[in-house]
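Structure record follows, encoded as structure tokens.
Each reported figure results from applying straightforward, stated rules to the coordinates on display, with no laboratory input. Model, not experiment: these values are computed from the prediction. Don't worry about glycine lacking a Cβ; one is built from the backbone with ideal geometry, like all the others, and counts go over all protein chains shown.
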Amino acid sequence: MYGRKVKLRFLFVVLILITLILTTFLVLKSLEENVVYFQSPSEIKDLPELNKKKIRVGGMVKKNSISINSNEVKFVITDFKNEINVTYTGAIPNLFEEEKGVVAEGFLKDRNFFSASKILAKHDENYMPPEVKQALGEK
């Protein structure tokens, strides 16, 4: 029926397809475990059940909500619909301010309280470090 050459080519194509599918599966599986997306306070309020996994909460720091006591910082993250209270112990990023974007990584205590282990301050595309702005003579 089919010659030896055709059978070898078919086997070669099948092996390439299996290798490609397996590689794609392994890459997607490793990304699934390592990529952490942030959730808004509204998404946290709508969670069907709370889990004990590390998550990220993102939003804006509410105005007049930052309270600093010795080495503990308390603030409120809002998405302008819902809010979540955050406590954090550690060094605060330079860009961390009221009414600025922030992502906090840590664990939920309940739907209203979040214990952060890391704070990631966000900035817009127009941000320029103060040292660079000073060197350029801009204000």
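Things worth noting here:
- Values of log10 I(q)/I(0), in the order q = 0.09, 0.14, 0.21, 0.22 Å⁻¹, for the chain under a Debye, Cα-only, solvent-free model: -0.46, -0.75, -1.20, -1.26
- Charged side chains reduced to their Cβ positions (Lys and Arg at +1, Asp and Glu at -1) give the chain a dipole of some 960 debye around its Cα centre.
- Rh by Kirkwood over Cα pairs, then Stokes-Einstein D for the stretch 1-80 at 1.567 mPa s and 4 °C, µm²/s: 72
- Relative contact order of the stretch 38-121, defined on C-alpha pairs under 8 angstrom at six or more residues apart (%): 31
- Nearest-ten-degree value, helix 4-34 long axis tilted from longest Cα axis of the chain: 10
- Secondary-structure-derived ellipticity at 222 nm for the chain, considering helices only, amounts to -10000 deg cm²/dmol, per-run term -39500 (n - 2.57) for DSSP H runs with n ≥ 4.
- Cβ-Cβ FRET estimate between ASN34 and LEU11, R0 fixed at 30 Å, reported to 0.05: 0.30
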